[in-house]
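The values are calculated or read from the model by the stated rules, or taken from the named source; none is laboratory data. What you see is a predicted model; the values in this text were computed from it and never measured. Cβ: placed from backbone, ideal geometry, glycine included. Neighbour counts: every protein chain shown. These accessible areas exclude ligands, DNA and RNA; they are computed on the full protein's heavy atoms, side chains included. Shrake-Rupley method; radii C 1.70, N 1.55, O 1.52, S 1.80 Å.
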Amino acid sequence: MDKAVDMVAELMRIAAVTAPKGAGQDYIEVKICGEIERKMIAQEMLKMGKEKGIPNWDRDAKGVERADGLVLIGVLPHKGLGLNCGACGFPTCAEFNNASATGDFKGPNCMIRELDLGIAIGSAVKTAQIHNVDNRIMYRAGAAAMRLGMMKSNVIMGIPLSVSGKNIFFDR
C-alpha cells in the first residue's frame, strides 16, 4: 500500500502545482514528507499543543502519526499585486509590502495568493479523494512544519493521507 499512497501523494503534488494561479504567477510550494518527517511533525504538534494549552493538537498529532503519508502545501513569500484592494488589511499594496507579522505563520499575505493556496489545496485533496485515499486538511500539521522550518512558505497546510477500513481523521 505504501507505493500506492506515495503515487497518490505525487499526483496531489502535480494537482497543486498545476492549479490555476492569480496573475499567472506561481507562489505555491509542495513537499511530500517521508516517514521520519511525518513523525517529527506529529511530535512538534504535541509540543505546540502543550505550549499553547489549546485542545485537539494531540488528537491531530495522533492522526498524523498514524497516517500513511503527508503532503504539505504552502504559499511562498510574495509582494502585493498592486491592486490596492485592502483585503490584506492594508489600504495599499505598498503598505502591505513593508509590513511583517509572525505567529504560527508569517504575514501579512495577499488575498490573491491565499486564494491560490486554497485552490491548490482543493485540487490536491480532490485528487486524493478520486483515488479513495482518506485525507484531512490540517492547520496544526502545517504550523508544526512551519516551526520546524521544513519549507520556505509563509503559510503551510498539512494533508495527512490514510488507507484503512475507517477514516482515521474522523474517528474521534
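Of all the numbered requirements in (1) buried (at least 23 other Cβ atoms within 10 Å of the Cβ); (2) without any contact (Cβ under 8 Å) to a residue 60 or more places away in the chain, Tyr139 misses one, and that requirement is (1).
Among the residues of the stretch 100-114, those identified as among the hydrophobic types (A, V, I, L, M, F, W, C), more than 21 Å from Ile159 (Cα to Cα) and open to solvent by 30 Å² or more (accessible area, probe 1.4 Å) are Ala101, Met111, Ile112.
Screening the stretch 9-43 for residues that are open to solvent by less than 30 Å² (accessible area, probe 1.4 Å) and not in a helix (DSSP H, G or I) and picking the one that is nearest to Met111 (Cα to Cα) gives Ile28. Each residue in the stretch 1-31 was checked for being within 15 Å of the chain's Cα centre (by Cα), farther than 17 Å from Lys126 by Cβ and not aromatic (Phe, Trp, Tyr), and 2 pass. The requirement of being of a type in the set (A, V, I, L, M, F, W, C), outside any loop (DSSP other than H, G, I, E, B) and modelled with pLDDT of 95 or more is not satisfied by Met151.
Mind checking whether some residue in the stretch 91-103 is polar (S, T, N, Q), without any contact (Cβ under 8 Å) to a residue 40 or more places away in the chain and closer than 30 Å to Glu51 by Cβ? Checked the stretch 91-103: at least one residue is polar (S, T, N, Q), without any contact (Cβ under 8 Å) to a residue 40 or more places away in the chain and closer than 30 Å to Glu51 by Cβ. Every listed requirement among (1) open to solvent by 30 Å² or more (accessible area, probe 1.4 Å); (2) at pLDDT 95 or above is met by Leu117 save one, (1). Of the residues making up the stretch 74-132, those that are outside any loop (DSSP other than H, G, I, E, B) and of a type in the set (Ser, Thr, Tyr) are Thr102, Ser123, Thr127.
If you filter the stretch 44-69 down to residues that are under 26 Å from Ile14 (Cα atoms) and charged (D, E, K, R), you find that the one that is most open to solvent (accessible area, probe 1.4 Å) is Arg66.
Any idea which residue in the stretch 70-79 is nearest to Lys3 (Cα to Cα), counting only those that are touching a helix residue (DSSP H, G or I) at 6+ places or on another chain (Cβ under 8 Å) and open to solvent by 10 Å² or more (accessible area, probe 1.4 Å)? Ranking the candidates gives His78 first. Only one of the listed residues (Ile130, Ile112, Ile137) is more than 26 Å from Lys52 (Cα to Cα), out of contact with any Leu (no Cβ under 8 Å at 6 or more places or on another chain) and of a type in the set (A, V, I, L, M). That residue is Ile130.
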